[in-house]
1. Among the listed residues B:Gly371, B:Gly290, B:Gly333, B:Gly341, which satisfies the condition of being part of a loop (DSSP other than H, G, I, E, B), more than 19 Å from the chain's Cα centre (by Cα), surrounded by 20 or more Cβ atoms within 10 Å (Cβ to Cβ) and not hydroxyl-bearing (Ser, Thr, Tyr)?
2. Given the conditions (1) within 12 Å of another protein chain (Cβ to nearest Cβ); (2) assigned to a loop (DSSP other than H, G, I, E, B); (3) within 18 Å of B:Tyr252 (Cβ to Cβ), report the number of the one that B:His268 does not fulfil.
3. Taking the criterion of being closer than 30 Å to B:Thr34 by Cβ, in contact with a Gly (Cβ under 7 Å, 6 or more places away or on another chain), touching a residue at least 12 places away in the same chain (Cβ under 8 Å) and polar (S, T, N, Q), would at least one residue in segment B:261-281 satisfy it?
4. Test A:Arg149 against the criterion of being part of a helix (DSSP H, G or I) and either modelled with pLDDT under 95 or in contact with a Leu (Cβ under 7 Å, 6 or more places away or on another chain) (or both), and give yes or no.
5. How many of the residues in segment A:60-106 are within 14 Å of another protein chain (Cβ to nearest Cβ), assigned to a helix (DSSP H, G or I) and of a type outside the set (A, V, I, L, M)?
6. Scan B:Gly214, B:Gly175, B:Gly222, B:Gly181 and give me the residue that is closer than 30 Å to B:Val123 by Cβ, within 14 Å of chain A (Cβ to nearest Cβ) and not charged (D, E, K, R).
7. Here's a check for you: in segment A:41-71, which residue that is surrounded by 24 or more Cβ atoms within 10 Å (Cβ to Cβ) and of a type in the set (Val, Ile, Thr) is farthest from A:Ile23 (Cα to Cα)?
8. Kindly check whether there is at least one residue in segment A:27-40 that is in a loop (DSSP other than H, G, I, E, B) and either surrounded by fewer than 23 Cβ atoms within 10 Å (Cβ to Cβ) or more than 14 Å from every other protein chain (Cβ to nearest Cβ) (or both).
Protein chains: 2
Amino acid sequence: MHPFRPAEPGVKLSDVETPALIIEMNAFEQNLETMEKALAGSNARLRGHAKAHKCSNIALRQIEAGAVGVCCQKVSEAAAMVAGGVKNVLVTNQIIAPRKLARLCALAKDSEIAVLCDDAATVPILSKAARDAAITLNVLVEIEVGAERCGVDPGEPVATLARLIDAEDGLHFAGLQAYHGSAQHKTTAEERRLDIESTLEKVKTSKRALAAIGLDRDWVTGAGTGSFPTERDSGLYTEVQAGSYAFMDADYAKILGNDGMPFKTFRHSLFLWTTVISVPRPGQAFLDVGHKGHSKDSGLATVADLDGVEVDGQSDEHTKLKLGHNAKPLSTGDKVKLIPGHVDPTFNLHDWVVCVRGETVEDVWRIDGRGPGF
Amino acid sequence: MHPFRPAEPGVKLSDVETPALIIEMNAFEQNLETMEKALAGSNARLRGHAKAHKCSNIALRQIEAGAVGVCCQKVSEAAAMVAGGVKNVLVTNQIIAPRKLARLCALAKDSEIAVLCDDAATVPILSKAARDAAITLNVLVEIEVGAERCGVDPGEPVATLARLIDAEDGLHFAGLQAYHGSAQHKTTAEERRLDIESTLEKVKTSKRALAAIGLDRDWVTGAGTGSFPTERDSGLYTEVQAGSYAFMDADYAKILGNDGMPFKTFRHSLFLWTTVISVPRPGQAFLDVGHKGHSKDSGLATVADLDGVEVDGQSDEHTKLKLGHNAKPLSTGDKVKLIPGHVDPTFNLHDWVVCVRGETVEDVWRIDGRGPGF
């Protein structure tokens, strides 16, 4: 039971069935190159976050453009990446179910594998899984960086947990995860920089505590699209986990760069290709996609390439457009290109992403890690 | 590439992998029976909305419990339902793409098929699809009932469009779609009743205009979980399109019944089965599911069966719980059962739903119509 495929290579964009998720390849490749250049000469390499796209073909392109491997959030994503040919996966999450850990450890025959820990109670579970699989599992300790999410407090608690991990059969304490999620979306570059400077202090405090017990490691991983220059320039981070940089979305379009102007380091490359299916009254149009094709968790999508037209609401099955006085009228059958509100949960709604170069479909990639994640 | 299946029949609920969507079968079956009894002796039969669950096994259970067939919102959902054995499908949406219409008309060899129209410009497209498939396609006119969604204005505009449809080769004007979506979620039964009484006037006005040109038809379809007693009792509606009634969610849990008390006609039967994966500080716990396993478009999920614990936030990958002073502490590995915020977009995130009776898995159903919908 293969999911419906909205296009085949070679067809025109105008012939792609809707609602389809599309990548404009020129912009996508430019984003990969921009990130590669941005990290060149620094201490940090990209470990692109595959939770953003869940697509092994995209991961392979990121790796071709210099990424050391990928992060995943779920073992099922990791399995899809490894099946697709990725050779280095860090699961940036607490995995504690023995069956999930068994599946994760089994991937080690084809890939480098690592996972996080933030709780002494789960160390024996990780150890048993590694021993059962006859591997040494790399475990990073997640630091709580101030966002009140998962992680242990910086300094001594990090060192205590690291020592426990490293002493356990089958486990190797490998480094630190220090990712500040909420910093990524703060409006000004200064706000983001201040959040990360506080994160850097927490990393330094932790590394000092680790050094005191002989467990300081080089591997420090974290950083996202909105903040990564600060982590990169710190000299502390060896990896940047950005994911959205390759695509961008309406939420990231709200942040500002260093100059106080809209953040233009990366281009929008991800779009939702839709069709007007109803124009019931003047000034309104309804598209053939709602919550099941794009996620409004971080705000509504925006309209690309149409002056005076804005997204005015979203329901289960429709997106409502409002046409300003100067907008060109829309008719049923017209195509509309949206910029999704949020990359990650939108990719997760689709089974395929259609790769478009100019006006022609170049490829159609399966979103092979799609799903709630097991 | 089959998606991961979180359980097999016969295993204990405690052994189901998380995050899994589960149906408690006793409550589900009671909801089906409650609806069957509620419609018994009325003019209206159930046409359960499969956009809610996108699962042909669920549709078949609804049909066993008296439903005339299903509604779908997408041709791909209709195709999944027909492949699963459903013999009567109404697509309650404007389908205007020739390829989608060709696929819809092809289903007519195995099922009754009907579709909506709200625009004279699309009538020739519907006609061509029906003629190409050598079928007569039943077309209902959608009335704009006051929610400012799709549909034509009641009265003359409905009759004008109906005449155009009925005169077209391959098409049969079959009846009226009059569904008031926003009425379903108004808090009091009185507010919902007032919205629907206004809808009933629009249906009557339209039927009078149709009768004047000899095109009055019996088939009137619409009504949802929150409002259906009013449509049922009107004598005008022949079908009720409720979908959520079989499952319920945290959003519907906010509405009140006729007595001003919480609406208890139907029971919660749909849950998200999750695991605590991090307890980084007192009073907090993090679950292994976020936006990719339940949708917060209509508000957050709630916690079932745990006193003093509430959902305090949801991110891409986690759901954050807040524990009150009197709550029993949670540890990593503990299972938590959530009531999803909104049935429809949550089903759409999952590939399987696990059917549980008591503490044992009875069956695992594929959500075979899942996806953005083509």
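1. On the way: B:Gly371 fails: more than 19 Å from the chain's Cα centre (by Cα); B:Gly333 fails: surrounded by 20 or more Cβ atoms within 10 Å (Cβ to Cβ); B:Gly341 fails: more than 19 Å from the chain's Cα centre (by Cα).
Only one candidate qualifies: B:Gly290.
2. For B:His268, the exception is condition (1).
3. To start, the set of residues in segment B:261-281 that are closer than 30 Å to B:Thr34 by Cβ comprises B:261-274.
After this cut, where a residue has to be in contact with a Gly (Cβ under 7 Å, 6 or more places away or on another chain) as well, the list is B:263-265, B:272.
Filter once more, so that each one left must be touching a residue at least 12 places away in the same chain (Cβ under 8 Å): B:263, B:265, B:272.
So of that shortlist, the ones also polar (S, T, N, Q) come out as B:265.
Checked against the condition, which is being closer than 30 Å to B:Thr34 by Cβ, in contact with a Gly (Cβ under 7 Å, 6 or more places away or on another chain), touching a residue at least 12 places away in the same chain (Cβ under 8 Å) and polar (S, T, N, Q), segment B:261-281 yields at least one hit.
4. no
5. 6
6. Numbers: B:Gly214 fails: within 14 Å of chain A (Cβ to nearest Cβ); B:Gly175 fails: within 14 Å of chain A (Cβ to nearest Cβ); B:Gly222 fails: within 14 Å of chain A (Cβ to nearest Cβ).
The unique qualifying residue is B:Gly181.
7. Filtering first and then ranking leaves A:Val70.
8. Of the residues in segment A:27-40, the ones in a loop (DSSP other than H, G, I, E, B) are A:40.
Those left that are additionally either surrounded by fewer than 23 Cβ atoms within 10 Å (Cβ to Cβ) or more than 14 Å from every other protein chain (Cβ to nearest Cβ) (or both): A:40.
Yes, segment A:27-40 contains a residue that is in a loop (DSSP other than H, G, I, E, B) and either surrounded by fewer than 23 Cβ atoms within 10 Å (Cβ to Cβ) or more than 14 Å from every other protein chain (Cβ to nearest Cβ) (or both).
The values are calculated or read from the model by the stated rules, or taken from the named source; none is laboratory data. Note that the coordinates shown come from a computational prediction; the quantities given were computed from them, not determined experimentally. FYI the Cβ positions are ideal-geometry reconstructions off the backbone, even for glycines, and counts take in every protein chain you see.
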